[in-house]
Amino acid sequence: MPVSLLWAVDVYGRVYSLSTAGQLWEQCHDAQMEFKRVTAAQQWLRWNPVDGFSDRLLPSDRWQWSDVTGLQHQPLDNFRIPSDSWEWEGDWYADENFEGEPTEKGGWTYAIDFPATYTKDKKWNSCVRRRRWLRYRRYKAMDTWAKIPPQQTTLPDPFSDISCGGWEINEEPRGRLSLWAVSLQGKVWFREGIYHHNPEGSFWEDIPIPGEVVQISCGPGDLVWAVLWEGQLIVREGISRDCPKGTSWAVVDSPSPDVGATHVAVGNNVVWALTKDNKVWFRRGVNSHNPCGSGWISMVGEMIMINVGLNDQVLAIGSEDRAVYFRQGVTSSELSGKTWRAITVPRDGDRSHSSASAGSLQSAGCYFCGEVRAQSVVSDVESDTEKGSTDGASCLVASSSPESFVDAPTDHSDQPTETPKPRIPKVTSDSFISELVSDREPGKTSREGVPAGPAVLEEEHFPGEEEIKAPCAGVAISPSQSGGPLDPQWSNVDLEEAQGHPVQTGAVVDSADTCSLSSVATYTLAMEDPYGADEHPLWAWVSGGGCSVDSHSQLNWFNCSMNASSMVQSAQSMSLSVSPAQTAAWRRQIFEQLSERTKREIDNFRHYEQAIEQSVWVKKGTMQWWRDWKPHKWIDVHFALEQFSGSEGNKDGILFIYYNFYEEKKYLHAFINEVTILVPVLNDSKHSFAIYTPERTKQRWPIRLAAATELEMHDWLALLSDSCCDSRVIQGPPSKQAIWSVTCKGDIFVSEPSPSLEAMPYPTPCDHMFWRQVGGHLRMVECNSVGIVWGIGYDHTAWVYTGGYGGGIFQGLSSSTDNIYTQVDAKSVYIYENQRWNPVSGYTNRGLPTDRYMWSDASGLHECTKTNMKPPSPQWTWVSDWAIDYSVSGGTDREGWQYAADFPASYHGYKTLKDFVRRRRWARKCKLTTTGPWQEIPPISLSDVTILPCAAQSSVDVVPLWAISNKGDVLCRLGVTTLTPAGSSWLHVGTDQPFKSISIGAASQVWAIAKDGSAFYRGSVSPQSPAGDCWYHIPSPAKQKLKQVSVGRTSVYTVDENGNLWYRQGVTPSYPQGSSWEHISNNVRKVSVGPLDQVWIIADKVQGSQSLSCGTVCHRLGVQPMEPKGQSWDYGIGGGWDHITVRGNSMEPPRIRLPSLTAPAPQSPLPVRNMAVNGDAVGC
């Protein structure tokens, strides 16, 4: 589960946050996190026959300095940042790139007139030219409160409620939010222009409403509900990607006909509401297609405020105790949950104590009608007995009637007839501060009502109890005499305990003179109040919009109880506290008893022989098997795992597959210690997985099995994986030297390298490596040899490895108990709508007989419609509807169409006379939720990451880590160490164009690939200058565009868009840019160069003896210091692999003594078909 924050506000306006991994409310403190943005202005020039291009334009021309449209005047000197929350990061400079290609010096682009199509080449008819000026700005007000800048139009009246959401509206760009607000006049406002690079938004827009609104709630998707002043509810309809404000309101009646609604909270597919009698209601049948729902269900509990967080988790504030409650048992199948549970954790700054000391009680302030009076109000009241007070001031203590103060008579004849009920100030969503201060009368707190003197502690009277006199001369006050019913202030006071410890109350004086003074009633707090004696936390508002909690989350919010009964019990049991000396004695006694039992039951019988030499157990089941012979198809088989353990504790096993062959019973078997990997297979109709052995890896034909259900498949995978690890004696988390890989399905695997993996001349065969799965779901992983591992998900979220193991399908003993968190990944599924033009009806979905499907995938070979398209696998679930995707390469028109002369061809976003076909892409978002040893690193989305490959005995304190954001920005992570692998902050590294790949090698060599396919080297990178000083352009191989780079100790390898692998020659310490590119191989998808210059790749296609596999792990053989390019390829696990990193394997290979020339040469353990001499990465 990624660590996220729950936010709350107490009744005094203080803001606190509670981490899902913590046990303390922390008060908000300002912090700085770097954030940047690039802004643009345009400069225009027109050509005239006398002066050439000049800034003297025609009267009808646009401004000389303007925005991209030319309509707004924007000179460089007068360009202002939006608010004080931004700061400039550099100076203005001319952009010398045009659509990814360099222009002439100066960055000018030319056209015949304004506006027109601009080109980088100057022509004879080029009468105007323009160039773009850039300047970086950074948003500096992260993790602090920033005032929204005023706008030029009339500002709305003060707000009373606000709600944000909408980040999951049908492929809404990441970082874009919908912010709704309610003003004191009952109007609804919508904040336009809130997105990742402009968190402040642009301006407020008034939304028409059918009545006066008092409160509003916006969910992560397209749900927006509001409460009217009359008690009805309204629902916003028509919210979509193109119209996040919606189009109209629909009215929904209050849950109770006689009692109006006061509060509403919405999530993804849920709506909760509160009525004026504080009852809780749940709305059933709510979804994107029916935002109004179908009916109300009454729930248990009385609340004054409710909020729905991420994953539809529910939080509320109780109407009686004003505590924060969490709804337990909320799952996707049971959205209403099961029970309310109070969050009972201390707050930041509270004083913990085990007894009610004089100092803590007196310094904390006392309760008066639900409020804490400031010490300055009674600064003139002095006490001679407060020697131990922490602040040196005594507290004014009053009864529950704020209008008057009375002397306390000694007669206790008048007793209340019923238990007094606490008077808690009513807090509503529109204004809780005004309600809190409405009953305060500062004028009544003068010395006129209370003579100067210390406050005296008095006991509270409860019905049915005998009067107990105060410890000081019987001075007390009854509820009736104090001007109103007593307020117990949420504390169930135990009078016996309070009387038994008069000195500990801190409010009892030992002077007879003070007993004659007037006094007012106070109420003792519990002796072990977890919040200290200063005050019980009174919450007014809670927000879980950024708190990610699901049914798998292990929260530490409920460890200490805050209810009244437990407070009394803690006070009464104070005398039963256990000292550290007693605890130590008990531990010694228990240890001695266990040692004696071990000696009695085990050690005395060690000389006897084992009655059973080995134990055997078998698990059986029925599955389907993709048979080995043609025609290949799924057949029903019996599957069995026989596992046995020897007397020495070693374990092994055998797999059996029983099938029928022409009515003859046969079986297939595989030894557990020969299984190299167990892989879940991507299949939309079968819950299948593959079993590989070295021989089947060579054949490219694994054993494929399918279970009846997903749960059964996961059970078998976890059991088989545990058996394989037991037979190879592999336990616990991966080592720092581990090799990490990721499949195209997103599953993560690690392999522990042997010292002979890189040995020469006989390395360990690549297909003998054992891979085990690690929980989580990622697109890529990068690591180094000090144990720092980062990953990037399909949604570009960055994750850091926590050091655990297991998660996902591995539970119990197969997984670590800590460092396992919930991980959410998301991606979009795309289909294409194709049309052909005909002279009669224009573009229609009736194509030629030879055309592609009118609804297809990107290739056009497979039919994919909105109805039959399924998520990538059963683990994925749809979270949005189909929507037109406008972010297609080549651009689109206003309806999302791309045009071309024919299928397939080069598509463009505008129609010409030669375009006879068109297509548009539809997208639908799906989400996967799993668990694993990964923790999220917000807030910047990444597309690539690289970590410095350290040597085996490296002593680097701060590890350099570079990354590229999903926007193409180059970033350097600061503060990355072995103790803090997540680092502390990002440092932006300026570039003149977007980048897509980056790698850092030994001696801080940083290489990167731009989106236009060119290579760059970063100069002067060092521990003293972690970001370097400038980029050096490295020419790409002839007619090739590079896409990925990897740098090792001395080697630099790149892969181009056509699958060619290139080696950079001439790289030396004095000339790190190298001299030229040398072609090594083709058919390469990814490359990873390790700290010893070892080279591993993911090959596109590898031919086995029975099948062709796509996405295969390959190892370059023969890599030596004198021959860094290697000699041949060794093929390993595959296909279906998409990423590998060996940058953590700094294990030096053993030195092998070569035989003499006269001795016969030993046979290589590598089959001939498993190698390829320098050239293609395929067996040939």
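Observations, loosely collected:
- Distance between the modelled labels on ASP881 and GLU237, one decimal in nanometres: 1.2 nm (7 Å Cα→Cβ projection).
- Exceedance of the 29 Å cut-off in Cα-Cα distance is limited, within the set LYS736/LYS1125; LYS630/LYS927; LYS914/LYS967; LYS120/LYS1039, to LYS630/LYS927; LYS914/LYS967.
- With a 1.4 Å probe rolled over the protein heavy atoms of all chains, the accessible area of TYR1131, TYR886, TYR910 falls in the order TYR910, TYR886, TYR1131, largest first.
- Under 19 Å of direct C-alpha separation, and excluding same-chain neighbours fewer than eight residues apart, LYS147 reaches these lysines: LYS36.
- Heavy atoms of the protein chains alone define the surface here; on that basis region 826-930 has 55 Å² accessible area per residue at 1.4 Å probe size.
- With DNA, RNA and ligands ignored, accessible area of ILE306 (1.4 Å probe; Å², nearest 10): 0
- The stretch between LEU668 and SER1020, if pulled fully straight at 0.36 nm per residue, gains 120.7 nm over its current Cα-Cα span.
- VAL616, VAL549, reordered so the largest accessible area comes first (probe 1.4 Å): VAL616, VAL549
- Ellipsoid equivalent to region 616-730 - semi-axes via the Cα gyration tensor, in Å: 23, 16, 14
- Under the simplified labelling scheme, the ASP818-VAL15 pair shows an inter-label distance of 3.1 nm, with each label point 7 Å from Cα along Cα→Cβ.
- Partner lysines whose Cα lies under 19 Å from the Cα of LYS122, excluding those fewer than 8 positions away in the same chain, are identified as LYS105.
- A P(r) calculated from all alpha carbon pairs of region 239-315, with 10 Å bins opening at zero, reads 18, 49, 28, 5 percent.
- Fully extending the segment from MET760 to ASP91 would add 235.4 nm, taking 0.36 nm per residue of separation and subtracting the current Cα-Cα distance.
- Relative to its Kirkwood radius, the Cα radius of gyration of region 826-930 gives an Rg/Rh of 1.01.
- Length added when fully stretched, ARG80-ASP1029, from 0.36 nm per residue minus Cα-Cα: 338.9 nm
- Candidate residues ARG627, ARG1049: accessible-area rank, largest first, probe 1.4 Å: ARG1049, ARG627
- Cα→Cβ-extended label distance, 7 Å offset, between HIS908 and ALA1038, nm: 3.0
- FRET efficiency, 1/(1 + (r/R0)^6) with R0 45 Å, evaluated for THR339 and ARG600 via beta carbons: 0.45
- Area accessible to solvent at TRP634, 1.4 Å probe radius, in Å²: 60
- In this structure ARG728 has an accessible area near 70 Å², from a 1.4 Å probe over the protein heavy atoms.
- Using a Förster distance of 30 Å, the FRET efficiency for VAL956-SER1076 (Cβ separation, nearest 0.05): 0.40
- Mean projected area of the convex hull spanned by the Cα atoms of region 161-238, taken over all viewing directions: 4.9 nm².
- Nearest-0.05 FRET efficiency for ASN290 and GLN1127, computed from C-beta distance (R0 56 Å): 0.30
- Relative counts (whole %) of C-alpha pair distances in region 941-1132, using bins that are 5 Å wide: 1, 8, 16, 20, 20, 16, 11, 6, 2, 1, 0, 0
- Excluding ligands, DNA and RNA, the accessible surface per residue across region 653-751 is 41 Å² with a 1.4 Å probe.
- Using only the C-alpha atoms, the convex hull of region 151-342 corresponds to 122 Å³ per residue.
- Solvent-accessible area, 1.4 Å probe, carbon plus sulfur percent, for region 941-1132: 53
The values are calculated or read from the model by the stated rules, or taken from the named source; none is laboratory data. If you're wondering where the values come from, they're calculated on a predicted model, not measured in any experiment. FYI the Cβ positions are ideal-geometry reconstructions off the backbone, even for glycines, and counts take in every protein chain you see. Surface areas here come from the heavy atoms of the whole protein model, side chains and all, with no ligands, DNA or RNA. Shrake-Rupley method; radii C 1.70, N 1.55, O 1.52, S 1.80 Å.
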